[in-house]
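Participant: Sending over a structure as structure tokens; questions will come in a sec.
Bear in mind that the values in this text are calculations on the coordinates, not laboratory data. Quantities reported herein were computed from a predicted structural model and do not represent experimental measurements. Methodologically, a virtual Cβ is constructed for each residue, glycine included, from the backbone with ideal geometry; neighbour enumeration extends over all protein chains shown.
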Amino acid sequence: MNNLASIIKAFPVNLQNLLNQQLSDTNIYNTLEEIRIRVSKPVILKAGQTEKVISYYINPEEILNILQYICDNSIYSYQNQICNGYITLPGGHRVGITGSIVMKENKIININYISSLNFRISRQVIGCSTKILKYVLDATNNTVYNTLMISKPGAGKTTLLRDLVRKVSNGMDQIQFKGLTVGLVDERGELAACYKGIPQNDIGIRTDVLDNVPKAMGMKMLIRSMSPSVIVADEIGSKEDCDAIEYAICSGIKGIFTAHGNSLEDLKLNLELKKLIEDNLFERLIFLNDKSMKGEIDKVYGIDKINQEYILI
């Protein structure tokens, strides 16, 4: 697990000792997903389906000291990230932030009186997209199918997408698939996890990243400036997102995207996604199963070219 020790160092010494005791359990260490810290509340570890409550109550001064540490003692230089509600750390870990929001002209300009920090542990699962490749790759033409992966939150679609980007970008000699230039829009920094502009996760040798930018804007910027063969974005759904996807696909660029949902009917409740689906812009709709292992396929739809409708494949 990348740089977990450096995260622990951000906490008060007594809490460090308590955390290290918990993390001596290999199962917790290997499955740790979150360390949640709330002012005047016990610290909670989330490890897979397990929660561990630690009887250490953070005070406001300690939470500010933690924030100073993760900002390299320069909170001002991290102001933009803080205003977006999170900070990206070396190793791809992210810290979610809540507190009293300061607004000016309908924009967040600061978060005061920090009340919660959620350390989300970055965990690359190299090779987790292997089962899905046969549905996404058009190996005959050395390209990909326009693909939308769908699941409820927490089912592993972002982890799966990250590994898929890496494979498409690097290429795969074993199946004679040549790597493609990928344009990745990483609005929340969860895929590439850039730290000072450098991706902390392995996203492949032919991948160009724009992070901390709205997906629609980022897609158009990459198309105009980097000539990608494939555009990738996580958790689409707005009208602006769908307009940008339509623009990309109609420009001959392939796309791989994710969205929240549980069924084809769920997707069609979003009128913007419904339009893309009814226009058959996605060649693959892949639903993930949230009831077993993360990233497991539930069902896959493809286009019946004769009837121009989605069928299970």
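Participant: Just flag the trypsin sites (Lys or Arg not before Pro) in segment 226-303 sitting in loop per DSSP whose Cβ has no more than 14 other Cβ atoms within 10 Å.
Facilitator: Lys291
Participant: Across the Cα atoms of segment 225-308, what radius of gyration and what greatest pairwise Cα-Cα distance (Dmax) are found, in Å?
Facilitator: 13.4, 41
Participant: At what distance in nm do the modelled label points of Thr98 and Thr140 sit from each other, each positioned 7 Å from its Cα along Cα→Cβ?
Facilitator: Distance between the two pseudo-spin positions: 5.1 nm.
Participant: Using the basic label-point model (7 angstrom from Cα toward the beta carbon), what is the Asn14 to Tyr76 distance in nanometres?
Facilitator: Going from the Asn14 label point to the Tyr76 one covers 3.3 nm.
Participant: A further question follows. Counting other beta carbons within 10 Å of each residue's own, what order do Glu51, Glu272, Glu187 fall into, fewest first?
Facilitator: Exposure proxy ranking, most exposed first: Glu51, Glu272, Glu187.
Participant: From the convex hull of the Cα coordinates of the chain, what is the mean projected area in square nanometres?
Facilitator: With every direction weighted equally, the projected area is 17.3 nm².
Participant: Nearest 5 is fine: what % of DSSP beta bridges in the chain come out antiparallel, could you say? Could the numbers behind the result be given before it?
Facilitator: On the way: 44 of 66 bridges.
Roughly 65 percent of the DSSP beta bridges within the chain come out antiparallel.
Participant: Another question, if that's okay. Across every pair of different alpha-carbon atoms, what Kirkwood hydrodynamic radius in Å does segment 96-213 reach?
Facilitator: 16.3
Participant: Moving on to the next point. Once you charge only the Cβ atoms, +1 for Lys and Arg and -1 for Asp and Glu, what is the size of the charge dipole of the chain about its Cα centre, to the nearest 20 debye? Let's see the in-between values first.
Facilitator: Numbers: 35 positive and 34 negative charges, 77 e Å.
The calculated dipole for the chain is roughly 360 debye.
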